[in-house]
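Novice: Pasting a structure here, questions to come.
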Amino acid sequence: KAKSIGRGQVFLFVTALRLEAVVRRLYALELHRAVDDGEFLLFYQPQVDLITGEITGAEALLRWHHPERGILSPIAFLPALERGTLAATVGTWVLDEACAQAAYWRRNGSPNLRMGVNLFGAQFHVGNLVTEVIEALERHGLPPEALELEITETIAPDNDDVVLNCLHQLYNYGVGIALDDFGTGYASLSLLKTYPLTRIKIDQSFVHGMLEHEQDASVIRATLDIARSFRLETIAEGIETESQRYYLLEKECMEGQGYLFGKPIPAAQFSALIESNKRSKAFA
Ligand code: C2E
Ligand code: MG
Ligand code: MG
Ligand code: MG
């Protein structure tokens, strides 16, 4: 009921919008400095075999080490970053840094580790993503299957020929392509038909709800069915409890990611996690 909104509330609303615009502009300036001064870093979150608990991969997740505000999560700065072409610059750095780290872990204790890298939309339109990916793999001596690029329908709308062409080349080269946050977008199903994909990442919102809400559980089961018929691998995101892990296993989802197995952590801590995972099969 629009009428019941008081003048004070409208004022607050407008002020909040202005504030957001100001913050965005502030961030835009700061983000340039962050790129120049190398204030970005990557955290890594383990992906595990849900039966054995063995680490199968890592997802590289961007963090901004802000000089005054400490370590910032992407939700705080991603919208500002994605407004310009800066995202492409950061994306190039993420790709190289994640490949370097993957190569190190594959030489040191985790020979089959697969690295997940989230793409920005801008990376399809600024520079040449295909060349960039191939060069990063070669620079660090990685086989294409060591890398899994994560895309969402937001960054890669399904009617975009440039995006499609890029993805086909990467797919043919042998790089993994995962559809992230599956089930949350408008076009999830049509994307499955148009995009060359190797894996579906089931969005954490369904995992969080699936034991309490039948609707979430049925989305999970339907997604797993679809993945089987498209011959795609699956991974469930946001697993926080053993009960969620068992439910997913029962529905034959074999891989997962979530706080139950580990939060995103700095590379040095992830190295220690690989060690203890090997020694004790920590999550079995
Ligand atoms: P995403 O790719 O879907 O990444 C998963 C997010 O879920 C991460 O948030 C991770 O910390 C969080 N998460 C993982 N397990 C759990 C869990 O068990 N419970 C809960 N509550 N959360 C969990 P994060 O690191 O804040 O990243 C948010 C989003 O920012 C990512 O969502 C991704 O879309 C974007 N992002 C992060 N790094 C990059 C990057 O390097 N490039 C691009 N283009 N986007 C990035
Ligand atoms: Mg992701
Ligand atoms: Mg996701
Ligand atoms: Mg997400």
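The values are calculated or read from the model by the stated rules, or taken from the named source; none is laboratory data. The structure displayed is predicted, hence computed values, not measured ones. Cβ atoms come from the backbone with ideal geometry, glycine included; neighbour counts cover every protein chain shown.
Novice: Taking into account only those residues within segment 109-125 that are part of a loop (DSSP other than H, G, I, E, B) and at pLDDT 95 or above, which is farthest from LYS278 (Cα to Cα)?
Specialist: Step by step, filter segment 109-125, then rank; the result is PHE120.
Novice: Specify which of the listed residues (THR89, THR52, THR56) is more than 10 Å from ligand 1 (Cβ to nearest atom) and assigned to a helix (DSSP H, G or I).
Specialist: THR89
Novice: Suppose we filter segment 225-239 for residues that are of a type outside the set (Ser, Thr, Tyr), part of a helix (DSSP H, G or I) and over 21 Å from GLU59 (Cα atoms); how many remain?
Specialist: 3
Novice: Something else about it: If you take the residues of segment 108-131 that are touching a residue at least 60 places away in the same chain (Cβ under 8 Å) and within 16 Å of ligand 2 (Cβ to nearest atom), which of them is nearest to LEU81 (Cα to Cα)?
Specialist: In this case the residue turns out to be ASN118.
Novice: Continuing with the same structure: Here are some residues: ALA227, ALA156. Which one is away from ligand 1 (no atom under 15 Å from the Cβ), surrounded by 19 or more Cβ atoms within 10 Å (Cβ to Cβ), of a type in the set (A, V, I, L, M, F, W, C) and within 20 Å of the chain's Cα centre (by Cα)?
Specialist: From the options ALA227, ALA156, the qualifying one is ALA227.
Novice: Within segment 106-128, restricting attention to residues that are away from ligand 1 (no atom under 16 Å from the Cβ) and among the charged types (D, E, K, R), which residue is nearest to GLU148 (Cα to Cα)?
Specialist: Across segment 106-128, the extreme among qualifying residues is ARG106.
Novice: Answer yes or no: is there a residue in segment 117-124 that is surrounded by fewer than 18 Cβ atoms within 10 Å (Cβ to Cβ) and more than 16 Å from ligand 4 (Cβ to nearest atom).
Specialist: Among the residues of segment 117-124, not one is surrounded by fewer than 18 Cβ atoms within 10 Å (Cβ to Cβ) and more than 16 Å from ligand 4 (Cβ to nearest atom), which makes the answer no.
Novice: Still on this model: Look through LEU191, LEU179, LEU147 and report the one residue that is within 16 Å of ligand 1 (Cβ to nearest atom), within 23 Å of ARG231 (Cα to Cα) and touching a residue at least 40 places away in the same chain (Cβ under 8 Å).
Specialist: Being within 16 Å of ligand 1 (Cβ to nearest atom), within 23 Å of ARG231 (Cα to Cα) and touching a residue at least 40 places away in the same chain (Cβ under 8 Å) holds for just one of LEU191, LEU179, LEU147, which is LEU147.
Novice: Also, I was wondering about something else. Please work out which one of (1) touching a Lys or Arg at 6+ places or on another chain (Cβ under 8 Å); (2) buried (at least 16 other Cβ atoms within 10 Å of the Cβ) is the condition ALA87 fails and give its number.
Specialist: Of (1) touching a Lys or Arg at 6+ places or on another chain (Cβ under 8 Å); (2) buried (at least 16 other Cβ atoms within 10 Å of the Cβ), only one is false for ALA87: (1).
Novice: Sort out which residues of segment 230-244 are on the phi > 0 side of the Ramachandran plot and over 18 Å from the mean Cα position of the chain (by Cα), and write them in order of number.
Specialist: ARG231, the sole residue that qualifies.
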